[in-house]
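Right, one structure below, let's go through it.
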């Protein structure tokens, strides 16, 4: 948190270094209709430009993060107020 989008690029996350019984709840989707994915060791999530992205784990975890798109300015996050999330 804080949830946000990037209008000009997508992101990818690879989750690892997780205990066998741990999961990460990766939050995504349009702010008014969010969804979550239950992610385990070694799994990847692709987050399109229109989707929020955030996560919470049941234990410590590590992730590798990458972006793709036309913008090289990484401070262009479009923050989504908590009250907007559904």
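Structure summary
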quantity: Contour excess over end-to-end distance, with Cα ends at residue 50 and residue 62 and 0.36 nm allotted per residue; calculated: 1.9 nm
quantity: Highest-fluctuation residue, 56, 20, 12 considered, GNM on the chain with Cα pairs under 10 Å; calculated: 20
quantity: Residue list for segment 50-64, given a label point 7 angstrom along the Cα-to-Cβ vector of residue 14 and an amide N cut-off under 17 Å; calculated: 61-64
quantity: Ascending count of other beta-carbon atoms within 10 Å, so fewest first, for 62, 34; calculated: 62, 34
quantity: Average Cα contact separation per residue, the chain, under 8 Å, 6 or more apart, as relative contact order %; calculated: 46 percent
quantity: Simple label model, 7 Å out from Cα along Cβ direction - residue 37 to residue 21, nm; calculated: 2.5 nm
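The numbers here are math on the coordinates, done by the rules we state, and not lab data. As the structure is a prediction and not an experimental result, all values here were calculated from the model. Methodologically, a virtual Cβ is constructed for each residue, glycine included, from the backbone with ideal geometry; neighbour enumeration extends over all protein chains shown.
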